[in-house]
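Chemist: Questions regarding the structure given below will be posed in turn.
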Amino acid sequence: MKQVLFGVNVSTSAARGANPVADAMRAEALGYDFISANDHPCGSEPSYELWTMLTWIAAKTSRIKVASRVLGVPYRPPAMVAKMAESLDRFSDGRLILGVGGGYSDEEFRAFGLNVPAPKDKIDGLEEAVRIIRGLWSSAGFTFEGKHHHTEEAQMEPKPSHHIPIWLGTFGKRSLAVTGRVADGWIPTFAMATPDDVPVMRDRIFEAAHSVGRNPDDITLAYNLDFRIQETRSSEPGVVTGSPQRMAEQLLSFVALGFTAMNFSPAGDESERQVDRLAQEVLPMVRAQL
């Protein structure tokens, strides 16, 4: 079995009292394998730009990986993302996980004066973006003519010194097929891909991988999970809840579904305590069974 990676979400909040860099340093000290943060630059609440924040986190840590969850393609030209990613990965000694998505909020794009792609164009543009990023990382004078993105004899040096993983946040039939064709990982959210939904979605990814001669075992399945550790029994839509023992059992059931990475976001209050309890009371039980 592959090693199972455990990550924790770090808020991009820039409000008074928020300190995402300190949160990431604490996650590293607690033994988490990666931190992640989302990409929503538009909003009325104070927040940091994702890539700048991840760079600062990488500079203040030494072991933990940093993941974009997920970078919205419409915000940045794919060729620039290729350059940004290579630089951050090099500065961090190979700790980047590049999470990419087609773009979630049309309102954000419109507010920032960006083109608002149709759903089909988001999916096609996502696949083109990944192909451009990989092409610039591997080829000299890379030319790509797509419907939404293109390059012309583009030079980018240095090339990555190792394989930088690209994870996609996808849910629909066509976008899942894109994941199978071009991505290194799939990072769905529990609320939008329940354990009952996952087998069909996973199989669609694997079928697409087979269709282009890829080995599905090379694709990391990473579950994005809102959680709350509590002793009382209750159910909350979209949230994994329960006692430490019950939480460990649920996480092991996700491993049985094929997930070899999990990204956790504490739900509700006492988020720091929840992150501590997960690392100290739940994950040791899970690791002991793997």
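Chemist: With region 185-290 as the region, which helices (runs of 4 or more DSSP H) entirely inside it contain at least 3 residues that are within 21 Å of the chain's Cα centre (by Cα) and closer than 15 Å to VAL4 by Cβ? So that I can check it myself, show each step before the final result.
Modeler: On the way: elements: 198-211, 244-256, 271-277, 283-289.
Fully inside region 185-290 and qualifying: 244-256.
Chemist: Still on this structure, I have one more. If I ask for residues that are crowded, with 17+ Cβ neighbours inside 10 Å and at negative phi, which ones from region 231-249 would you list? It would help to see each step written out before you state the result.
Modeler: Within region 231-249, the subset crowded, with 17+ Cβ neighbours inside 10 Å is 239-242, 244, 247-248.
Matches in region 231-249: VAL239, VAL240, THR241, PRO244, MET247, ALA248.
Chemist: Exactly one of these conditions fails for PHE144: (1) modelled with pLDDT under 95; (2) crowded, with 16+ Cβ neighbours inside 10 Å. Give me its number.
Modeler: (1)
Chemist: Might you let me know whether region 92-109 holds any residue that is at pLDDT 95 or above, more than 18 Å from the chain's Cα centre (by Cα) and not in a loop (DSSP other than H, G, I, E, B)?
Modeler: Here is the first cut: in region 92-109, the ones at pLDDT 95 or above are 92-101.
Those left that are additionally more than 18 Å from the chain's Cα centre (by Cα): 93.
Narrowing further to those that are not in a loop (DSSP other than H, G, I, E, B): none.
No: zero hits.
Chemist: Yes or no: TYR48 in contact with a helix residue (DSSP H, G or I) (Cβ under 8 Å, 6 or more places away or on another chain), touching a residue at least 12 places away in the same chain (Cβ under 8 Å) and among the hydroxyl-bearing types (Ser, Thr, Tyr)? Spell out the reasoning first.
Modeler: Working: in contact with a helix residue (DSSP H, G or I) (Cβ under 8 Å, 6 or more places away or on another chain): yes; touching a residue at least 12 places away in the same chain (Cβ under 8 Å): yes; among the hydroxyl-bearing types (Ser, Thr, Tyr): yes.
Criteria met by TYR48.
Chemist: What are the residues in region 52-80 that are closer than 23 Å to GLY135 by Cα, in a helix (DSSP H, G or I) and small (Gly, Ala, Ser), if any? Break it down stepwise before answering.
Modeler: Here is the first cut: in region 52-80, the ones closer than 23 Å to GLY135 by Cα are 66-80.
So of that shortlist, the ones also in a helix (DSSP H, G or I) come out as 73-75, 78-80.
ALA79 - this is the single residue of region 52-80 that is closer than 23 Å to GLY135 by Cα, in a helix (DSSP H, G or I) and small (Gly, Ala, Ser).
Chemist: Tell me yes or no: at least one residue of region 24-33 is touching a residue at least 60 places away in the same chain (Cβ under 8 Å), surrounded by fewer than 19 Cβ atoms within 10 Å (Cβ to Cβ) and basic (Lys, Arg).
Modeler: Yes: region 24-33 contains one or more residues that are touching a residue at least 60 places away in the same chain (Cβ under 8 Å), surrounded by fewer than 19 Cβ atoms within 10 Å (Cβ to Cβ) and basic (Lys, Arg).
Chemist: In region 266-278, what count of residues is obtained for those that are more than 14 Å from LEU225 (Cβ to Cβ) and among the aliphatic types (A, V, I, L, M)?
Modeler: Final tally of qualifying residues: 0.
Chemist: Hand me the list of strands (runs of 3 or more DSSP E) wholly inside region 121-168 holding 3 or more residues that are of a type outside the set (A, V, I, L, M). Explain how you work it out, then say what you get.
Modeler: Working: elements: 142-145, 150-154, 166-168.
In region 121-168, 142-145, 150-154 are the strands (runs of 3 or more DSSP E) which contain 3 or more residues that are of a type outside the set (A, V, I, L, M).
Chemist: Related question: Pairs under 8 Å by beta carbon, first residue surrounded by fewer than 16 Cβ atoms within 10 Å (Cβ to Cβ) in region 254-273, partner acidic (Asp, Glu), six or more apart or different chains?
Modeler: That search, which allows pairs on different chains as well, returns GLU272/ASP23.
A quick yes/no check of all residues on (1) in contact with a Phe, Trp or Tyr (Cβ under 6 Å, 6 or more places away or on another chain); (2) charged (D, E, K, R); (3) closer than 27 Å to THR189 by Cβ; (4) exposed (fewer than 15 other Cβ atoms within 10 Å of the Cβ):
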residue	(1), (2), (3), (4)
ARG69	no, yes, yes, no
VAL81	no, no, yes, no
LYS122	no, yes, yes, no
GLN155	no, no, no, yes
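The values are calculated or read from the model by the stated rules, or taken from the named source; none is laboratory data. Computed from a prediction, not measured in an experiment: that's the story for all the values here. A quick note on method: Cβ atoms are made from the backbone with ideal geometry, for glycine too, and the neighbour counts reach across all protein chains shown.
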